[in-house]
Structure formats: C-alpha cells, structure tokens
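Heads up, the thing below is written out as structure tokens.
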Amino acid sequence: MSLEERLRVVKEFAGLTDEEVGILRNTGSLDLELADRMIENVIGATHLPLGVATNFLINGKDYLIPMALEEPSVVAAASNAARMARMRYGFRASADEPVMIGQVQVCKLRDPQAARERILEEKGRILERANEQDPVLVKAGGGARDLEVRVLSTRLGPMVVVHLLVDVRDAMGANAVNTMCEAVAPLIEELTGGKVYLRIISNLATHRMARAEASFPKEALGGEEVVEGILHAHALAEADPYRCATHNKGIMNGIIAVALALSNDTRALEAGAHAYAALEGYGPLTSWEREENGDLRGRIELPIAAGILGGAVSVHPVARVCRKILGVSSARELAEVMAAVGLAQNLAALRALVAEGIQRGHMRLHARNVAIAAGARGDQVEKVVRRMVEERCIRIDRAREILAELEGG
Ligand code: NAD
C-alpha cells in the first residue's frame, strides 16, 4: 500500500478522526516520505522531547549532550551529577578500538577440533574474503582484523563458532559485519565440510568496551552519610539482581537517551550492556568506592557499539543536528561520552535514593505531565503543579479538581 492508502485503512480500522490523522501526518523535521523509506508500513513519526545535558567535562573537553526520552528528571539528574564531577576533574573516559564480533556457526562436523584448526590455518584467506566485501570500510582504516574459533557443546551436539573480529571504525557495524559473515560462510563450509546456519553480529561487544571514572566531593553529595548510603546501595546491587536490574536501568536511562538523540540502535546497546553485566552472574555496570579524603569515586565499564554514521544515523535529520551539537568526531569519542553519561546518571540516581528519595525531584517533574494529562494548558500547568506539590498529592484526579477550581474561579 502507499502511505496514503495505509493512513486511510488505519483511520478506518481504528475509527480515527481527521484531527487524529493530522497528528500522525505532522512528522516535524522527519519528513514523512523519508520516514517511509526508513522502515515498513509507515503511518507517521513519533516525537520525543529532546533535551540537552549540561556541565559535562570529559577528558578536558566541554560537551553539551543531546538526550531524547520521555522520562522526566533524567536530563536534570545527569547535568547535576556532571556539575559535581567538574568540581574535581570531570570525567576521564576511554574506549577500545571499535572492534565488533561477527559469528559464523558451523554445525554437523565429524571432527570439530580438526575443523577449528583448518579454519585457523586459513585465517589469511578468510580475512581477505571478508575485507573484499567492504572496500569503503577498509579505506576508512577498518576491516576484518582477526579470527577466534570456539568449539561449543550444545544440546544438538558440538558446534564450531567462528568469531570474525571487525574494526568498524565510526559505524555501529552490524550491516558491515553481517555482510562479511555471509561472505565468508561458503569458504568456511568448504574448509570444514560442515554446515553453516547463522552468520550475524554478536551484540555482546566485549572487544569494544568503554569506560569512565569520576570523583565526587562528599560535601557536594550531601556529606559522609550520603557517601555511606551510596556504598551500601552499590553493595546491594552486587548482591541482589532485583536491585541490580534497576541500578543498571538507571545507567541506561542516560546512555539510551543519547543513543536515541543520535538515532543509534538502542536495542543493540541494551542487549550488549545487560549481557555483559550477566557474564559472571548479573552484576552492576558501575563500581563505587570511598577515597582517602572521604570523597566518592565511581567507575563504569560496558560494551558500547554506537556509531556516528551508517544505519539511521546519517539519515535522520535531527540525529545529524544532534551529532553536531555533541561535537564528537569518532565513534570512540561517542562511546566515551556515553560511558560518562551512564556514570553520571547512576551517581544522580543513587544520591537521590539515599538522600531524599527518588520521588521528590521526580514527582515535581512528573507533576507537569499529570497536570497536562488532566487538561491544564498554558499558565494553568504551573499553578496545578504547585498546588499538587504543596499538598504532596500528585494524582490525575486531584489535578482535575484543582483545574476545575481554577477554571471556576
Ligand atoms: P551501514 O552499513 O549503514 O554503515 C556502515 C558502512 O559505512 C561501512 O560498512 C562502510 O562501508 C561505510 N563507511 C564509510 N565511512 C566509514 C567510516 N569512517 N567508518 C565506518 N564505516 C564507514 O551501518 P552499520 O553500522 O554497518 O549497521 C548499523 C545498522 O545495522 C543499524 O541500523 C542496526 O540497527 C542494524 N542492524 C543491527 C543488528 C544487530 O545489532 N544485531 C542486526 C542487523 C542490522
């Protein structure tokens, strides 16, 4: 169906009004026809608020960090943590070379060990075949670099899994790696006599780690008791996956918001982060310790497969502007920024949790959404918010009552 036909059918199916169809058509700076080329069955484009996190000093450079998300208080929290970090030295961050793993699964082998050796003997040929697929990447300084061969025992017998290690430079790399995996598969079958099924990137990008560390003055955090609380919160995340899931979710609040602003693959980042966190039993992606002077030092380390070109990154007009605002010149630099944001987000969440509780800051911001959902417009919003916060009752029914009073009066 054409876009127009789709809109007509969906309108009929869901009983949409002309106004509602108009809302779908209003795709802002992402042109509807461009959206239609990005994914399938397009009927519109959705919008998220785009904020900018401030105060970030990373490796001595100042950044304004675009973040796209629907959740209140994340941008404020990141900016606040970054403000405290810059009282010391900001964030020190680093990222590995952007090497991704492509997997080729070889099954039905009579002698998996012999197959493994055969593949390693012909490493040069396999890498050459892979690199023939992407002269642009090779010219940009990337390409297939090495092979690892693992023999796994599975429910359906032994399998050989070839890891093609590809330096994807400034791309996230999935398309580039998948193309290479598909191209080397026939050669691997020929060499081993086995049957290849899967040929695809692994999102557990353990060769593409990013890390950041920062120190936060205890006075800025709210004193020794807050530092002590954060250390206890971290200990709980280490001991308890129920807490750890939320600990890591808070980290990803920041990283995913940056990824969305730059139109990166958020699912790939989430999958990589949580799989890495679970490698030795699910654990926190950050660690916290008290320095000799009582200040708090934090570290984060996780795989970050993010790109500044390729995929939707170079297509989405807002992503292109966001990249310019962020001012990163390589995928590695982007990974460093994301790691710093993840650490800042974790610090802010832990500090709020152990100091005043997460709801104080959160609910004030949330109150705005509640007021708007209740129908408040213009200056009514702030009036309704103020009343609800004063009354410590942030609920839609109360917002409606206050609104009715305001309108009545
Ligand atoms: P891409 O293929 O659009 O761009 C990468 C290509 O750009 C390279 O292969 C290279 O030819 C070219 N290029 C030019 N200059 C470059 C430079 N300086 N550095 C690197 N490459 C340069 O995109 P991609 O990053 O290979 O793939 C990303 C897309 O794949 C995302 O949209 C993602 O959603 C999707 N995807 C993900 C998965 C997964 O994560 N499991 C699976 C399939 C597809």
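The values are calculated or read from the model by the stated rules, or taken from the named source; none is laboratory data. As the structure is a computational prediction, the values presented were derived from the model and not from experiment. Note that each Cβ is placed from the backbone with ideal geometry, even for glycine, and that neighbours are counted across all protein chains shown. Calculation scope for accessible area: heavy atoms of the full protein, side chains included, ligands and nucleic acids excluded. Shrake-Rupley method; radii C 1.70, N 1.55, O 1.52, S 1.80 Å.
Highest GNM mean-square fluctuation among ILE251, ILE394, ILE119, for the chain modelled with Cα contacts below 10 Å: ILE394.
Each Lys and Arg adds +1 at its Cβ and each Asp and Glu adds -1 at its Cβ; summed about the Cα centre, region 1-139 shows a dipole of about 860 debye. Once each of the GluC sites (Glu not before Pro) sitting in a DSSP loop with at most 10 other beta-carbon atoms within 10 Å is removed, the chain keeps 41-279 as its longest stretch. Under 20 Å of direct C-alpha separation, and excluding same-chain neighbours fewer than eight residues apart, LYS249 reaches no lysines at all.
Dipole of region 263-409, Cα-centred, from +1 at each Lys and Arg C-beta and -1 at each Asp and Glu C-beta, to the nearest 20 debye?
Values: 20 positive and 19 negative charges, 94 e Å.
Dipole about the Cα centre, nearest 20: 460 debye.
Computing FRET efficiency as 1/(1 + (r/R0)^6) for ILE325 and LEU365, where r is the C-beta to C-beta distance and R0 is 30 Å, gives about 0.85. Determine the alpha carbon to alpha carbon distance for each of LYS61/LYS139; LYS139/LYS324; LYS61/LYS218 and list only those over 26 Å. Violating the 26 Å limit, Cα to Cα: LYS61/LYS139. What you get for the chain, charging only the Cβ of Lys and Arg (+1) and of Asp and Glu (-1), is a dipole of about 160 debye around the Cα centre. Comparing ALA268, ALA373, ALA35 in a Gaussian network model of the chain, where Cα atoms under 10 Å apart are tied by springs, the biggest mean-square fluctuation is seen for ALA373. Here the gap between ALA404 and SER287, fully extended at 0.36 nm per residue and compared with their Cα-Cα distance, gives a gain of 37.2 nm.
Label positions at LYS139 and ASP18, each projected 7 Å from the Cα along the C-beta direction, are separated by 5.2 nm. Each label point was placed 7 Å from the Cα along the Cα-to-Cβ direction; for GLU390 and SER94 their separation is 5.5 nm.
Structural descriptor for region 361-408: relative contact order 42 percent, calculated from alpha carbon pairs under 8 angstrom and at least 6 residues apart.
Stretching ASN59 away from LYS11 to a fully extended chain increases their span by 12.1 nm, per 0.36 nm per residue minus the current alpha-carbon distance.
With a cut-off of 8 Å between alpha carbons and a minimum separation of six or more residues, what is the relative contact order of the chain in percent? Before the final figure, lay out each step's value.
Numbers: 760 pairs, mean separation 74.2, N = 409.
With pairs under 8 Å counted, the relative contact order is 18 percent.
For the peptides 54-64, 94-104, the ranking by mean Cβ contacts within 10 Å, running from highest to lowest, is 94-104, 54-64.
Distance between the modelled labels on LEU279 and GLU238, one decimal in nanometres: 1.8 nm (7 Å Cα→Cβ projection).
Dividing the radius of gyration of the alpha carbons in the chain by their Kirkwood radius gives 1.04 for Rg/Rh. List the residue ranges in the chain for DSSP H helices whose C-alpha atoms run 24 angstrom or more along the long axis and whose Kyte-Doolittle average is 1.0 or above. Membrane-span-like by this rule: 331-354. The sum of -39500 (n - 2.57) across all DSSP H runs of n ≥ 4, divided by the residue count of the chain, sets its helix-only mean residue ellipticity at 222 nm to -16000 deg cm²/dmol. In this structure LEU343 has an accessible area near 0 Å², from a 1.4 Å probe over the protein heavy atoms.
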